Amino acid sequence: MSAASLPVVVRPPVTVLCGFLGAGKTTLLNHLLTQANGRRWAVVVNDVAAINSDGAVVRAGADTRTSRDIVELGNGCVCCSSKDELAETIAELGVKAGENGFEHIMVETTGVAEPRSIGNLFVQKNPFGRSLADFATLSALVSVIDAADFLREWERDQACEEGRAVLTSRERPVFELMVEQAKCADVLILNKGDLVSAKELAQLEDIVRGLNPHAEIVRAVHSQVAAERLLGRVRFDATVTLRAATWLKTLSALLPATAAAPARSLVAKPAVRNERPQHELKYGIRSFGFQARRPLVARKVFALVEGGTAGLLRAKGYLWIQERPDEMGFLSVAGGATCYDFLSYWWTAMIENGRVQREQRPELIAALWVEPHGDRRQDLVFIGVGLEEAAIRADLEACLIQEAGGAASAC
């Protein structure tokens with residue numbers, strides 16, 4: 001076979017969106033998809049909990065004419081339990097890039113993923129001598145930072161607040177994960193800039209520049225970033241992006257030390273082999289889901305959520321509200337901010353109103369269908385440190401309407 005007849009290997013660029021829980025990754029991804037303008041982009045979405053609500057939100061917001069290839073990974077974070085699945089998915093998309101005309105692959109990681117582990121997939125070879133770089137080109141590791149939340153955690157870390165008491169001897173402060181996501185990135189997006197002052201935003205920029213002098217820093221509100229700025233060129237350099245950052249000395253000089261706070265190192269400790277996911281082992285972050293087939297009373301559930309939950313880092317999912325039975329509600333709690341929204345209509349309602357036929361239900365909706373309520377349901381995920389799961393479940397069940405013969409279920 002002559003050189004001219006050899007098949008052309010297409011290695012599409014891959015942009016990985018990282019960032020802590022609630023930083024705005026899904027919003028950023030959806031905003032990027034609105035800028036596809038006819039280009040074909042493949043999207044891989046992962047979630048830390050069994051209910052992959054991020055994937056559903058992306059599907060709801062994506063323009064199917066330009067971004068019809070959306071892959072939802074299973075339960076687990078892509079830096080540990082789903083790492084092999086992520087690698088296989090990207091490799092498969094890379095192989096099909098020439099055939100399907102993919103111009104770019106975007107990966108939204110879970111909020112507890114460590115970008116260094118994902119970057120290593122493109123660098124480290126497997127036992128067969130292959131790496132993801134043989135199938136795709138890592139364009140950039142992008143970390144989204146919630147400006148207000150990061151500063152709040154930074155100040156809390158400096159002050160050594162009593163919240164550390166909930167951690168076991170093997171677990172490390174959650175803030176370390178946020179720091180790891182910031183220091184291993186090619187682009188740092190300082191998101192939710194409208195929630196902090198100009199002085200605070202400048203302070204945050206100094207902090208993250210000390211953590212990661214290599215990364216390009218982008219300020220944003222509501223994750224509004226131009227696609228060309230993120231996807232326009234390859235930034236990833238394994239010798240720079242993945243190197244061990246010498247950031248601790250710089251950090252110490254940014255703010256005056258607290259007299260009552262003993263000097264502590266945030267340098268990562270050696271990994272300990274354990275079957276538990278890394279985010280549980282290292283940081284004590286755990287999640288659980290709540291599902292039910294009865295509607296919630298709005299005033300009760302809103303009062304419960306707004307009342308706050310000790311140890312809660314993130315809550316999200318779908319709500320079936322008694323007062324608005326036809327609309328699919330969505331709840332998002334992140335960084336102390338609570339947002340309620342109504343994404344669309346339940347399929348059950350659209351069938352009842354004659355807008356669609358039962359036979360038109362997508363396969364995913366049909367799989368979720370339970371008579372007599374169809375796809376109406378509660379599908380909520382709670383992620384946090386030291387959450388009192390039994391108490392939260394009991395509080396949620398108390399918000400459900402009392403229905404004869406009905407039963408709420410939790411998973």
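Among residues of the range 353-373 that are within 16 Å of ALA292 (Cα to Cα), those with a beta-carbon under 8 Å from a residue that is of a type in the set (S, T, N, Q) at least six positions away or on a different chain give the pairs HIS373/THR348. Residue check: VAL240 meets all listed conditions (1) at pLDDT below 85; (2) over 29 Å from ILE365 (Cβ atoms) but one, namely (1). The C-beta contact set for the range 192-209 (first residue not assigned by TED's automatic domain parsing to the domain that holds ARG152 and buried (at least 18 other Cβ atoms within 10 Å of the Cβ), second residue of a type in the set (Phe, Trp, Tyr) and at pLDDT 90 or above, distance under 7 angstrom, 6+ apart or interchain) is empty.
Looking across the range 13-38 at every residue that is modelled with pLDDT under 90 and of a type outside the set (S, T, N, Q), the one that is farthest from THR338 (Cα to Cα) is identified as GLY38.
Can you go through SER332, SER287 and tell me which one is in contact with a Cys (Cβ under 7 Å, 6 or more places away or on another chain), part of a strand (DSSP E or B) and either at pLDDT below 80 or buried (at least 18 other Cβ atoms within 10 Å of the Cβ) (or both)?
Working: SER287 fails: in contact with a Cys (Cβ under 7 Å, 6 or more places away or on another chain).
Exactly one residue qualifies, and that residue is SER332.
If a residue must be assigned to a loop (DSSP other than H, G, I, E, B) and either under 13 Å from the mean Cα position of the chain (by Cα) or not hydroxyl-bearing (Ser, Thr, Tyr) (or both), how many such residues does the range 102-150 contain?
Residues of the range 102-150 that are assigned to a loop (DSSP other than H, G, I, E, B), as a first pass: 102-103, 109-114, 122-131, 135-136.
Keeping just the survivors that are either under 13 Å from the mean Cα position of the chain (by Cα) or not hydroxyl-bearing (Ser, Thr, Tyr) (or both) gives 102-103, 109-114, 122-130, 135-136.
Looking only at that region, the number is 19.
Among all positions in the range 370-382, there is at least one residue which is aliphatic (A, V, I, L, M) and at pLDDT 90 or above.
The values are calculated or read from the model by the stated rules, or taken from the named source; none is laboratory data. Everything numeric in this text was worked out from a predicted model, so none of it was measured. Neighbour counts are summed over all protein chains in view; Cβ atoms, including those assigned to glycine, are modelled from backbone coordinates with ideal geometry.
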